[in-house]
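The values are calculated or read from the model by the stated rules, or taken from the named source; none is laboratory data. In this text the structure is predicted, and so the values were computed from the model without any measurement. Cβ sites come from the backbone with ideal geometry, for glycine too, and all protein chains shown count toward neighbours.
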Amino acid sequence: MISAVGTSTTVITASAPLSDIGHWARGSGLEVVLLVTGAALLTRLATWLGDRVTSRIDVPATGADRVVRTEAAKHRHAVAQVVTWTVLVIVYCLTAVLVLQRFGVPLTGFVAPATIVGVALGFGAQRVVQDILAGFFIIAERQYGFGDLVRLLVAGGPAAGSTGTVEEVTLRITRIRTSSGEVVTTSNGQIVQVINLSRDWARAIVDVPIPATADLTTVSDLLNRVGAEAYADETLHALLLDAPTVMGVESMDLDEFKIRVVARTQPGRQFEVGRTLRARIGTALLREGIIVPTDLDTAAPTSS
């Protein structure tokens, strides 16, 4: 009789943990599964919506140069990327807290350690906070957006900076692609100066070296004719905002003058216009018997 009672007690003691696990699995365990599944679905939905929004913004630019976009479209594209990234971070953090609660982890016990860790991270993560704040102001002030052609000067980086087309802007980083295809990722907090080469309009500047023996009036008239012909050309007319202008003598050396020609262009198209103008000017001068030195060059393009 005693052994029977002992056996019964043993069975009840052994089955109690299994019953608790089953109860937890039907309650908190199921909630954990639902939370993780819901978080995965929400993040996929947020990513899908972000891609849909950015694709709809990009539809008007289909078949055109990615740089030639409206400023509003560039800003909306950047905002969509930032909002998507923020939603993902919030969903992941909330899900982690709720899952810990379902496992019975006392979160109140982490308040004091979290405060200490927060202070330590505050000192160690100053760079991250700086990047996020800088990214917020970049988006809010519309300094640049997706598709802009920019030159970024970075603290401690090369003096010439990095020039490329903006492919991604988040609160922490800016990613651009250079003309040679390289992808440059820069922390927003490290950017000390932004030169936007595709805001509203741009300017192609061509400095034409002319021999000192040439007649400046004749050369100026010739350059004006080249500018008028370029503006009348159907292809170039779509890239130019007005006819190229001869600004006059930019510099004087012992054996040559430099006459500057300036053309206002669509944003981001100053390089193409500058190359075409150099070819047209060189051909016109040679046709008139004026030998142009080999250093015919385009000055650094500017934008408004």
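In the range 97-135, how many residues are of a type outside the set (Gly, Ala, Ser), assigned to a helix (DSSP H, G or I) and either surrounded by 11 or more Cβ atoms within 10 Å (Cβ to Cβ) or modelled with pLDDT of 75 or more (or both)? Steps first, answer last, please.
The initial filter retains those residues of the range 97-135 that are of a type outside the set (Gly, Ala, Ser), namely 97-103, 105-108, 110-111, 113, 115-117, 119, 121, 123, 126-133.
Checking which are assigned to a helix (DSSP H, G or I) leaves us with 97-102, 107-108, 110-111, 113, 115-117, 119, 121, 123, 126-133.
The next check asks that each one be either surrounded by 11 or more Cβ atoms within 10 Å (Cβ to Cβ) or modelled with pLDDT of 75 or more (or both); those that pass are 97-102, 110, 117, 121, 126-133.
The total comes to 17.
With the structure loaded, tell me whether residue 172 is outside the structural domain of residue 290 (by TED's automatic domain parsing), closer than 30 Å to residue 138 by Cβ and touching a residue at least 40 places away in the same chain (Cβ under 8 Å) or whether it fails that test.
Numbers: outside the structural domain of residue 290 (by TED's automatic domain parsing): yes; closer than 30 Å to residue 138 by Cβ: yes; touching a residue at least 40 places away in the same chain (Cβ under 8 Å): yes.
Against the criterion (outside the structural domain of residue 290 (by TED's automatic domain parsing), closer than 30 Å to residue 138 by Cβ and touching a residue at least 40 places away in the same chain (Cβ under 8 Å)), residue 172 qualifies.
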Could you please find all residues in the range 201-217 being assigned to a loop (DSSP other than H, G, I, E, B) and either assigned by TED's automatic domain parsing to the domain that holds residue 146 or in contact with a Leu (Cβ under 7 Å, 6 or more places away or on another chain) (or both)? 201
Give 206, 184, 194, 166 a once-over and let me know the one that is within 14 Å of the chain's Cα centre (by Cα), crowded, with 20+ Cβ neighbours inside 10 Å and of a type in the set (Val, Ile, Thr). 166
When both residues are 6+ apart or on different chains and their Cβ atoms are under 9 Å apart, which pairs have a first residue that lies in the range 255-266 and is in contact (Cβ under 8 Å) with a residue 24 or more places away in the chain and more than 15 Å from residue 280 (Cα to Cα), and a second that is among the polar types (S, T, N, Q) and part of a strand (DSSP E or B)? 257/251; 258/251; 264/245
What is the number of the single condition among (1) surrounded by 20 or more Cβ atoms within 10 Å (Cβ to Cβ); (2) within 30 Å of residue 128 (Cβ to Cβ); (3) not β-branched (Val, Ile, Thr) that residue 236 does not meet? (2)
Answer residue from the range 200-218, given it is of a type outside the set (A, V, I, L, M, F, W, C) and touching an Asp or Glu at 6+ places or on another chain (Cβ under 7 Å) and is farthest from residue 133 (Cα to Cα) among those: 211
Do we have any residue at all in the range 171-181 that's buried (at least 18 other Cβ atoms within 10 Å of the Cβ), aliphatic (A, V, I, L, M) and touching a strand residue (DSSP E or B) at 6+ places or on another chain (Cβ under 8 Å)? yes
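Conditions (1) in a loop (DSSP other than H, G, I, E, B); (2) closer than 30 Å to residue 281 by Cα, marked per residue:
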site: 157; (1), (2): yes, no
site: 166; (1), (2): no, no
site: 186; (1), (2): no, no
site: 195; (1), (2): no, yes
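Looking only at the range 270-294, which residues are among the small types (Gly, Ala, Ser) and out of contact with any helix residue (DSSP H, G or I) (no Cβ under 6 Å at 6 or more places or on another chain)?
At the first step, the residues of the range 270-294 found to be among the small types (Gly, Ala, Ser) are 274, 279, 282, 284, 289.
Residues satisfying the conditions are 274, 279, 282, 289.
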Identify the single condition in (1) under 16 Å from residue 281 (Cα atoms); (2) without any contact (Cβ under 8 Å) to a residue 40 or more places away in the chain; (3) exposed (fewer than 15 other Cβ atoms within 10 Å of the Cβ); (4) of a type outside the set (S, T, N, Q) that residue 216 does not satisfy, given that it satisfies every other one. (2)
